[in-house]
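Scroll down for the structure; my scribbles are underneath it.
Bear in mind that the values in this text are calculations on the coordinates, not laboratory data. Because the structure is predicted, anything quoted here is derived from the model rather than measured. Virtual Cβ from ideal backbone geometry, glycine too; neighbours counted across all protein chains shown.
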Amino acid sequence: RPLCQKDPTKLNPKLSLEGKKWIVENYFGRRDLIISDTNMTQSINIYNCNESVLTVKGKVNLITVNQCRKFSIIFDNVLSVLEFINCQRVQAQVNGVVPTITVDKTDGIEVYLSKESLQCE
């Protein structure tokens with residue numbers, strides 16, 4: 001018998017800074033999510049966000065997108081890596097620089113690189 005999964009539209013959404021880690025989780029149908037108060041020691045963990053768009057201003061150390069569907073992220077700069085894990089139909093737009101993008105167990109991804117990020121690995 002398969003385990004029952006909670007309806008993603010019924011989970012409590014969260015967008016908060018905990019120490020040096022931004023937590024963004026359980027958003028459904030939101031296209032106006034913004035993180036603007038960032039610095040290069042912070043990371044952003046995005047989990048279970050569906051049919052939503054997140055904009056990140058400034059420079060952060062890393063961004064992880066995990067178990068998201070129809071999710072888009074627009075960001076300025078990442079120092080180390082942007083990673084997608086277990087996602088479906090996701091998009092990323094780099095306005096500044098990102099040195100590395102990793103994709104693991106993800107079905108359908110579009111990445112729009114800025115001129116400065118064309119050497120991305």
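Here r is the Cβ-Cβ distance between Lys10 and Ile85 and R0 is 30 Å; the resulting FRET efficiency, rounded to 0.05, is 0.85. Available extension along the chain between Met40 and Ile74 is 10.6 nm, counting 0.36 nm per residue and deducting the alpha carbon span. Below 8 Å between Cα atoms, with a sequence gap of 6+, how large is the relative contact order for the chain in percent? RCO, the chain: 16 percent. The calculated FRET efficiency for the pair Glu18 and Ser114, based on their C-beta separation and a Förster distance of 41 Å, comes to about 0.90.
A straight Cα-to-Cα reach below 20 Å connects Lys115 with the lysines Lys57, Lys59, residues fewer than 8 places away in its own chain not being considered. Counting only Cβ charges, +1 for Lys and Arg and -1 for Asp and Glu, the dipole size of the chain around its Cα centre is about 380 debye.
Ordering Leu33, Leu82, Asn95 by Cα displacement along the dipole of the chain toward the positive end leaves Leu33 in first place; charges were set at the Cβ atoms of Lys, Arg (+1) and Asp, Glu (-1). Proximity of backbone amide H atoms, modeled 1.01 Å from N, is registered between Lys21 and Ser43 at under 5 Å, excluding neighbours fewer than 5 places apart on the same chain. One equal scatterer on each Cα of the chain, no solvent, Debye formula: the resulting log10 I(q)/I(0) at q = 0.11, 0.16, 0.19 Å⁻¹ is -0.34, -0.71, -0.99. Summarising the strand pairing of the chain, around 10 percent of its internal DSSP beta bridges are antiparallel. Neighbours of Thr106 by Cβ distance under 15 Å: Lys/Arg scored +1, Asp/Glu scored -1, total 0.
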